[in-house]
Amino acid sequence: MKLPDVEEGTTFGFPAFKAGGKTFAWFPKKKEVEPGSLAVRMSITEREFRIAAQSNVFYVTPHYRDYPSILARVDLMTDAALRELLESGHEFMTTGAGKGKGKRPPAASPSPRSVRPARSPRRLPPKS
């Protein structure tokens, strides 16, 4: 709450922290997320660095794989590390970086599940 423009709120009915109305940290309640985990917005690059450096603290589930966010096991973090993580998420969302940037680009060849059948082109009515 000491960060600029931060307010407590909810996202999908669960506690969250927002800056300028945009969520930067929340407690997700999905079955694949470990209880007590905190999700924080950040670039995919920063997320991969954090997971590589501390895989016991940071992780990601398939649901969050393509989104600029990370999951953190808060009970394994010091107060200073948690504060730094929240500051990073706040900065990501307030500097404009969180506006769609940081998402992983689509795979070079889409999986068969994501391929949609081609639509017929729309035909315009004849000019009168």
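We did not get these values from a lab; they are worked out from the coordinates using the rules stated. Being a predicted model, the structure only gives us computed values, none of them experimental. A quick note on method: Cβ atoms are made from the backbone with ideal geometry, for glycine too, and the neighbour counts reach across all protein chains shown.
Rounded to the nearest whole Hz, the Karplus-based 3J(HN,Hα) values (6.51 cos²θ - 1.76 cosθ + 1.60, θ = phi - 60°) of the range 65-70 follow the sequence 3, 9, 10, x, 7, 9, with x at glycine and proline.
Considering only Pro68, Thr95, Leu85, and ranking their Cα positions along the charge dipole of the range 6-101 that arises from unit charges at the beta-carbon of Lys, Arg, Asp and Glu, the one farthest toward the positive end is Pro68. Packing around the peptides 6-13, 19-26, taken as the average count of other Cβ atoms within 10 Å per residue, puts them in this order, highest first: 19-26, 6-13. The HN-Hα couplings worked out from phi for the range 39-50 by the Karplus form 6.51 cos²θ - 1.76 cosθ + 1.60 (θ = phi - 60°) are 9, 9, 6, 6, 5, 4, 5, 5, 4, 4, 5, 5 Hz, whole numbers, x standing for Gly and Pro.
Backbone geometry of the range 79-89 corresponds, through the Karplus equation with coefficients 6.51, -1.76 and 1.60 at θ = phi - 60°, to 3J(HN,Hα) couplings of 4, 5, 5, 5, 4, 5, 4, 5, 4, 5, x Hz, x marking Gly and Pro.
About its Cα centre, the dipole of the range 6-101 is roughly 340 debye, where the only charges are +1 on Lys and Arg Cβ and -1 on Asp and Glu Cβ.
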